[in-house]
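Values in this text are rule-based calculations from the coordinates and carry no lab data. Only a predicted model underlies this, so the values are computations on that prediction, with no experimental measurement involved. In this analysis, Cβ positions are derived from the backbone assuming ideal geometry, glycine residues included, and neighbour counts consider all displayed protein chains.
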Amino acid sequence: MPYIVGLTGGIGSGKSTVAEQFVKLGAALVDADVVARQVVEKGSPALAEIKTYFGRGILTESGELNRGLLRELVFANEQARHWLNNLLHPLIREEMQRQLGQQQSPYVIFAVPLLIENRLNDLCDRILVVDVNPETQLARAARRDKNKLEQIRRIMQAQISREQRLAFADDVIDNNQELADSQDSLQRQIANLHLLYLRLAEEKKQ
Ligand code: ATP
């Protein structure tokens with residue numbers, strides 16, 4: 001296994017923005033959101049099981065998973081939610097481990113919104129938290145997703161608190177500064193962490 005840096009933070013905190021910068025510096029990226037989509041892609045065994053459980057109506061006309069409908073169905077039905085989690089969580093974890101193990105870069109950024117909630121921190125050598133104050137988080141997520149304020153607030157409440165997340169952090173990126181005002185602060189923090197991770201990865205090999 002390469003050296004694994006778990007990257008997490010609340011909704012709209014800037015995980016994708018930060019991950020992109022690490023990739024520019026040469027890190028490989030394994031993204032939990034991408035893996036979660038891959039395990040249910042068209043033709044996958046998991047999608048076949050979902051179709052058997054929920055019926056054909058869970059697929060779009062082109063045979064893809066209708067994610068919006070699935071979300072509604074499991075939101076309204078606890079038994080279905082358990083069934084789905086039991087199916088997907090082990091598959092997602094296994095696929096994440098496979099992808100992490102395949103990377104050839106000195107270290108891997110493993111971006112996971114619910115890293116701590118889903119106990120994926122045990123796959124990581126180091127935990128990096130992107131931190132912003134809740135007002136900024138809400139404003140940025142709302143600006144990106146267009147005025148779904150209530151929905152964003154609900155998601156924020158379902159995620160662990162800022163304090164709980166920070167308690168797991170080995171490193172913290174402060175992303176409160178607006179990028180439009182200065183890209184320097186974020187870039188400097190990421191460049192310093194990149195050097196640290198190169199060193200820690202080298203130490204792990206020895
Ligand atoms: P999610 O978990 O919701 O997918 P995320 O943590 O990956 O979010 P991003 O998508 O990187 O967060 O950032 C949320 C939004 O805020 C994006 O539109 C992004 O461009 C913007 N953003 C991120 N950081 C800053 C910043 N420092 N200044 C201004 N805008 C920012």
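Things to note:
- Electrostatic dipole magnitude of the range 107-177 [Cβ: Lys, Arg +1; Asp, Glu -1; Cα centre; debye, to 20]: 480 debye
- Sparse-neighbour loop sites [GluC sites (Glu not before Pro); the range 69-141; at most 11 other C-beta within 10 Å; DSSP]: none
- Taking a straight line from the alpha carbon of Lys51, these lysines sit under 28 Å away, with near neighbours fewer than eight places off in the same chain left out: Lys42.
- Cα pair distances of the chain binned at 10 Å [whole percent]: 8, 31, 34, 22, 6, 0
- Check: the range 1-65 dipole with +1 on Lys, Arg Cβ and -1 on Asp, Glu Cβ, in debye: 40 debye
- Taking a point 7 Å from the Cα of Arg143 along the Cα-to-Cβ direction, the residues of the range 174-198 with backbone N closer than 18 Å to it are 174-187.
- Placing +1 on the Cβ of every Lys and Arg and -1 on the Cβ of every Asp and Glu, with nothing else charged, gives the chain a dipole about its Cα centre of roughly 380 debye.
- Charge sum, other residues only, whose C-beta stays under 13 Å from Gln189's C-beta, Lys/Arg counted +1 and Asp/Glu -1: -3
- Residue-averaged 222 nm ellipticity for the chain, from DSSP H runs of 4+ at -39500 (n - 2.57), nearest 500: -17000 deg cm²/dmol
- Total formal charge among the other residues, if their Cβ is under 11 angstrom from that of Ile116, Lys/Arg +1 and Asp/Glu -1: 0
- For the chain, with +1 on Lys and Arg beta carbons and -1 on Asp and Glu, the positive-most of Val172, Leu25, Leu59 along the dipole: Leu59
- In this structure, Glu41 and Gln97 have a Cβ-Cβ separation that, at R0 = 22 Å, corresponds to a calculated FRET efficiency of about 0.75.
- Projecting the Cα positions of Thr136, Leu149, Pro113 onto the charge dipole of the range 112-206 (unit charges on Cβ atoms of Lys, Arg, Asp and Glu, taken about the Cα centre) puts Leu149 furthest along the positive direction.
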